[in-house]
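The values are calculated or read from the model by the stated rules, or taken from the named source; none is laboratory data. Values in this document were obtained by computation on a predicted structure and should not be read as measured data. Glycine also receives a Cβ, built like all others from the backbone with ideal geometry; neighbour counts cover every protein chain displayed. Ligands, DNA and RNA are excluded from the accessible area calculation, which covers all protein heavy atoms including side chains. Shrake-Rupley method; radii C 1.70, N 1.55, O 1.52, S 1.80 Å.
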Amino acid sequence: MRKIFFSLVAAGIALTASAQQTDKQMATLQSGDRTTVYYGVDALKQTYLAAPDTLGVITLSAGDFYAPDDISKSVAIYGVGFERDETTGTNPTRVMGSIVLKPEDTEDEDGQTIYGGKHVNGVHLEGLYVDDYIILGNDDNVPICNMTIAKCHAQNIDISAPAVDIVIRQSHSGLISGKSAMRMQN
């Protein structure tokens, strides 16, 4: 009887421990005192859409996520890193597609469109493996300001828009190109 009891307890502990681990991607949005969690491959897109225009913090688990459409909000996006951590067995946070920072169009009081009227300012990307490009670009010569790319990997980083205070540090890219002055830190 004792053997059966301890076997059931051990089985219960094993089931509980395995139930706490998840293979599902998770994105957490922190905004003020609110925290919202999204799951799945579209979690980054959903979290970005729900983020406020400023001061939103998105934290991603390991796993694959689709890139959001153009980023124009002042958000910080943190992943677990761009390489597999062999000591813990943690896979990287992989963003599938390109991350494109682009100012949003706005309207004036007469309803006329102001192209690129809403500047991109204060974006922070850290610990991400981006499958394709990180693009800071627009066709309207609107500057992108106060951005940090830290501990990220991207096939290419293209800074085609005017840029002010863009810092790229401890990151890896096949090519970094642009028409603006850049500051790189190791």
Mind listing whichever residues of the range 32-55 are under 26 Å from Ile166 (Cα atoms), touching a strand residue (DSSP E or B) at 6+ places or on another chain (Cβ under 6 Å) and buried (at least 20 other Cβ atoms within 10 Å of the Cβ)? Leu44, Thr47, Ala51
Residues of the range 107-131 satisfying the condition of being at pLDDT 90 or above and charged (D, E, K, R): Glu126, Asp131
Which condition from (1) within 17 Å of Lys24 (Cα to Cα); (2) touching a Pro at 6+ places or on another chain (Cβ under 8 Å); (3) at pLDDT below 90 is the one that Ala62 breaks? (3)
Ser72 passes all but one of the listed conditions (1) at pLDDT 95 or above; (2) open to solvent by less than 20 Å² (accessible area, probe 1.4 Å); the exception is number (1)
Among (1) at pLDDT 90 or above; (2) open to solvent by 50 Å² or more (accessible area, probe 1.4 Å); (3) of a type outside the set (Ser, Thr, Tyr), the one test that Glu104 misses: (1)
If Val164 satisfies every condition in (1) at positive phi; (2) touching a Cys at 6+ places or on another chain (Cβ under 7 Å) but one, which is the exception? (1)
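For every residue, the table says whether it meets (1) on the phi > 0 side of the Ramachandran plot; (2) open to solvent by 70 Å² or more (accessible area, probe 1.4 Å); (3) touching a His at 6+ places or on another chain (Cβ under 8 Å); (4) part of a loop (DSSP other than H, G, I, E, B).
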site	(1), (2), (3), (4)
Phe82	no, no, yes, yes
Val100	no, no, no, no
Asp110	no, yes, no, yes
Val130	no, no, yes, no
Tyr133	no, yes, no, no
Val142	no, no, yes, yes
Cys145	no, no, yes, no
Ile157	no, no, no, no
Ser173	no, no, yes, no
